[in-house]
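This report refers to the structure that appears directly beneath it.
The values are calculated or read from the model by the stated rules, or taken from the named source; none is laboratory data. A quick note: this is a predicted structure, and the numbers were derived from the prediction, not measured. Here the Cβ positions follow ideal geometry from the backbone for every residue, glycine too, while neighbour counts run over all protein chains shown. SASA here: full protein model, heavy atoms, side chains in, ligands and nucleic acids out. Shrake-Rupley method; radii C 1.70, N 1.55, O 1.52, S 1.80 Å.
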Amino acid sequence: QVQLVESGGGLVQAGGSLRLSCAASGRPFSMYTMGWFRQAPGKEREFVIVRRWSDGSTNYADSVKGRFTISRDNAKNTVSLQMNSLKPEDTAVYYCAAAFAKYGSDPAIFDYWGQGTQVTVSS
């Protein structure tokens, strides 16, 4: 099993930056596909970024290309989402997730989820 703990959410102004972290326990995240998803009020949970660490394959949602990046800290077994040039439409609860032996952007394939962290971007 994998336990994911998210942190780093908060309130920022449009154009600002925020860095979210996801600490993973259990199997190293290098054995998984890791992803970030978000869910705004009244909307379905949507894909943001996924990465398969075994080969570095990465998929970005069109809405975040050039603004968001995913990275890892091997020593801490932590995955981060760096969010730059934030827009009000980025406001959502952000979740990290892990999928074992699978790759894709569909939330349904992910086996483990964090509890989410709120990101609010003011205009």
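The distance from the alpha carbon centre of region 86-121 to that of region 1-53 is 5 Å, rounded to a whole number. For region 40-96, trypsin sites (Lys or Arg not before Pro) are listed when DSSP marks them as loop and at most 15 other Cβ atoms sit within 10 Å of their Cβ; the list is LYS43, LYS65, ARG67, LYS76. The magnitude of the dipole of the chain, with charges of +1 and -1 set on the Cβ of Lys/Arg and Asp/Glu and taken from the Cα centre, is near 220 debye. Between ARG19 and SER63, the modelled label-to-label distance comes to 2.5 nm, taking each label 7 Å out from Cα in the direction of the beta carbon. Extending 7 Å from Cα along the Cβ direction at PHE100 and again at SER71 yields two label points whose distance is 2.9 nm.
Bridgeable lysines around LYS43 (alpha carbons under 27 Å apart, same-chain partners fewer than 8 residues away excluded): LYS65, LYS87, LYS102.
When VAL119, VAL93 are compared by accessible area of protein heavy atoms, the largest-first order is VAL93, VAL119, using a 1.4 Å probe. Panel note: the C-alpha atoms of region 83-123, placed on their principal axes, show extents of 40, 19, 15 Å (largest first). Converting phi to 3J(HN,Hα) with the Karplus coefficients 6.51, -1.76 and 1.60 and the offset θ = phi - 60°, region 106-111 yields 7, x, 5, 7, 8, 8 Hz in sequence order, with x at every glycine or proline. Our estimate of slack between ILE109 and LYS43, defined as 0.36 nm per intervening residue step minus the Cα-Cα distance, is 21.9 nm. Look at the alpha carbon pairs under 8 Å that are at least 6 residues apart: their mean separation over the length of the chain gives a relative contact order of 36 percent.
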